[in-house]
Each structure stands twice: as C-alpha cells, then as structure tokens.
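Report on the following structure.
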Amino acid sequence: MVEQLFGSKTRVKLLQLFYSNPNRSFYVREITRKIDEQINSVRRELSNLLNIGIITSDNTNNKLYYEVNQKYEFYEPLQAIFGGGVKKLPKKAAAAAPTDGEAEAEQPVDESAAHSELKAVGHIDLAVYTGQFTRDETAGVDIFIIGEVNTNALQKYVDQLELQEKKSLRYTVMSLADFQYRQQIRDRFAVAIMQAKKQVLIDVHNLLDE
C-alpha cells in the first residue's frame, strides 16, 4: 500500500532510511548496502528526491553525501510517517520511563539491530551519533552516551556497529551528574556536544533542549 502511494519500493526504503536518521549523511554505495536495492534504482530515486527537495546533497572528499532536508515544507508529516525513531520522551514521561527500552517506538530500519544491542548496554539517559555519522568533528567523538553502562556490553555494541558501518568508531561515556556539572561550568566538551550536528537516539531527560 505504501509502495503504491509513494511510487516504488526503493523510494519507500530511502524515505525510511533518511527520515529515521535526521542529521545523518550517507553516500550512494552505503545507501545501496543498507536498503539492499540495485544501485541504478537507488541513483534514480535519489535524483527524484533531490529534485522534489526532500533530500539534499553535498560533496566531501570526492564522495557525494545525501541527507534528509529538514527545511522541506512537508518534513514533519513525512517524518511522522517514515521516521519511527527513538529520539526522546516527553518531559512528563521522563521520570517514569522504563529502562528496558519498552517506551521506544519502532526502530529505524537501518539501525534496528544496533539499537536492540543498545538496550543491553545499561541504563542510558542520552545516546547520540555524531562525528563520522554526521560529518561534524566538533566534539571529536562518533558516539556519546550518558548513563550507567556495562563496559563489556558497550564494547560489544560498538564492535557490532563498527562491523555494520565498516569503520573504526570513537566513543565517550559519562554519568548524568558529570554531564550536568560540565554543562553548568560550560566545559569545552559539553559545549561541543551541544553544538555538534548529531543524530539523537535516546534523550530521556531532554538534555539537549537545555
């Protein structure tokens, strides 16, 4: 039904990929691998989405990257249809949020396995992708997590994500109290995290709204 409405299976998969990963950039072969479609079909649909204005493109290091255009006039309704993301809980619900991930919505199609592993890492207040994921080195890390985590479980999660992304990833973990203190004193790293372009996976306490 959705494929008939939006024209093709490849287009629907692309919309799911982009709207599930706002602020995340992808190059063509990475997209082809993630949605498991033929590269010619992917290129054709990327061109269509560019012409409409749903996505934007940018050339970096001789690679053409694509990401969702958050200024597109119908971004919000399309995000509601295709986003399905983890993102954050309303402030009213934050205190009562379960720690096993039950409050999360349907996972983004390309990261569902990694998110499933994330649940086993521990109690997570904030998790974001930045750095190589968003092509923004402001914070100097690729994964930033706030919470009480199991070190071995976290390493397993990162190892799995590195295999999936085919790249070495840098990550930093700190407690909620430590991050809040760093925010208060305007610590350089905390400021960099706040300013960096990032993909928010979990933000239980709306820390990034502060």
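What the table shows:
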| read-out | value |
| --- | --- |
| Filtered residues of segment 31-72 (kept if more than 15 Å from Ser20 (Cα to Cα) and aliphatic (A, V, I, L, M)) | Ile39, Val42, Leu46, Leu49, Leu50, Ile52, Leu64 |
| Failed criterion for Lys63 (all others in (1) touching a strand residue (DSSP E or B) at 6+ places or on another chain (Cβ under 6 Å); (2) at pLDDT 90 or above; (3) over 18 Å from Gly7 (Cβ atoms) hold) | (2) |
| Among (1) crowded, with 21+ Cβ neighbours inside 10 Å; (2) modelled with pLDDT of 90 or more; (3) touching a strand residue (DSSP E or B) at 6+ places or on another chain (Cβ under 6 Å) - the single one Val86 does not satisfy | (2) |
| Within segment 149-164, tally of residues that are touching a residue at least 12 places away in the same chain (Cβ under 8 Å) and within 23 Å of Ile193 (Cα to Cα) | 6 |
| All positions within segment 34-57 that are small (Gly, Ala, Ser) and touching a helix residue (DSSP H, G or I) at 6+ places or on another chain (Cβ under 9 Å) | Ser41, Ser57 |
| Extreme residue, surrounded by the fewest Cβ atoms within 10 Å (Cβ to Cβ), among residues of segment 134-151 that are touching a helix residue (DSSP H, G or I) at 6+ places or on another chain (Cβ under 8 Å) and farther than 13 Å from Ala190 by Cβ | Gly147 |
| In segment 53-72, residue nearest to Gln132 (Cα to Cα) [restricted to those that are without any contact (Cβ under 8 Å) to a residue 12 or more places away in the chain and more than 18 Å from the chain's Cα centre (by Cα)] | Asn61 |
| Selected residue [crowded, with 16+ Cβ neighbours inside 10 Å and either at pLDDT 95 or above or closer than 16 Å to Ser25 by Cα (or both)] from Leu126, Leu154, Leu176 | Leu176 |
| Segments classed as helices (runs of 4 or more DSSP H), wholly inside segment 140-210, with at least 2 members that are within 12 Å of Tyr129 (Cβ to Cβ) | 151-165 |
| Matching residues in segment 19-46 - criterion: being hydroxyl-bearing (Ser, Thr, Tyr) and either crowded, with 18+ Cβ neighbours inside 10 Å or assigned to a helix (DSSP H, G or I) (or both) | Tyr19, Ser20, Ser25, Thr32, Ser41 |
| Selection count where residues are polar (S, T, N, Q) and either buried (at least 18 other Cβ atoms within 10 Å of the Cβ) or modelled with pLDDT under 90 (or both), scope segment 47-60 | 1 |
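The values are calculated or read from the model by the stated rules, or taken from the named source; none is laboratory data. Note that the structure is a prediction, hence the values are computed from the model and not measured. So basically every Cβ, Gly included, is an ideal-geometry build from the backbone, and we count neighbours across all protein chains shown.
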